[in-house]
1. Mind checking whether some residue in segment 80-99 is modelled with pLDDT under 90 and more than 10 Å from the ligand (Cβ to nearest atom)?
2. Collect the residues in segment 92-103 that are assigned to a helix (DSSP H, G or I) and open to solvent by 70 Å² or more (accessible area, probe 1.4 Å), keeping them in residue-number order.
3. Please give the helices (runs of 4 or more DSSP H) falling wholly within segment 30-91 in which 1 or more residues are among the small types (Gly, Ala, Ser) and open to solvent by 40 Å² or more (accessible area, probe 1.4 Å).
Amino acid sequence: MLKKMVNRFLKGALLVLAIAVSAPVLAGDIFNGRTLYNDNCKGCHGVSGKGDDFGVPAFSEGSLPTAMDTDIVPIIENGQGIMPAFMGLLTDQEILDVISYIRTMDE
Ligand code: HEC
């Protein structure tokens, strides 16, 4: 009886641990995203994501606010208009990191 309870508790604890450990890998890392954004995107999209005078739209006026990450990833991988493709330059995880970061911008 007691052994069963201990076993159950251990299984539960393991599950919680597994989720805690895997979560940062699944979700984008905003801090890493900021570094990547500053290095790769800021020149066109601006410090606060509101674009610049050269026809770069503000994130808030485009599809970003309503789009899923799975819709945004291909835009960054393949480029769009004058935006270059980042496939091969950024890993899948880095692209998710940068998306997490630009989602924190409100302009
Ligand atoms: C050379 C300038 C340039 C660079 C560098 C650049 N972008 Fe862009 N980006 C653009 C332009 C211009 C558009 C609008 C493209 C269009 O629809 O014609 C755009 C569009 C986007 C969109 C889609 C916006 C929407 O609402 O549809 C996202 C998301 C985006 N860029 C993210 C990024 C990220 C993240 C980076 C860095 C990894 C980056 N861009 C680097 C110029 C750039």
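The values are calculated or read from the model by the stated rules, or taken from the named source; none is laboratory data. Because the structure is a prediction, the values reported are computed rather than measured. So basically every Cβ, Gly included, is an ideal-geometry build from the backbone, and we count neighbours across all protein chains shown. Areas reflect the complete protein model, heavy atoms only, side chains present, ligands, DNA and RNA absent. Shrake-Rupley method; radii C 1.70, N 1.55, O 1.52, S 1.80 Å.
1. From segment 80-99, those modelled with pLDDT under 90 are none; that's our starting set.
The answer is no; no qualifying residue exists.
2. Listed by number, the list holds a single entry, ASP92.
3. Numbers: elements: 30-40, 42-45, 69-78.
So the answer is 42-45.
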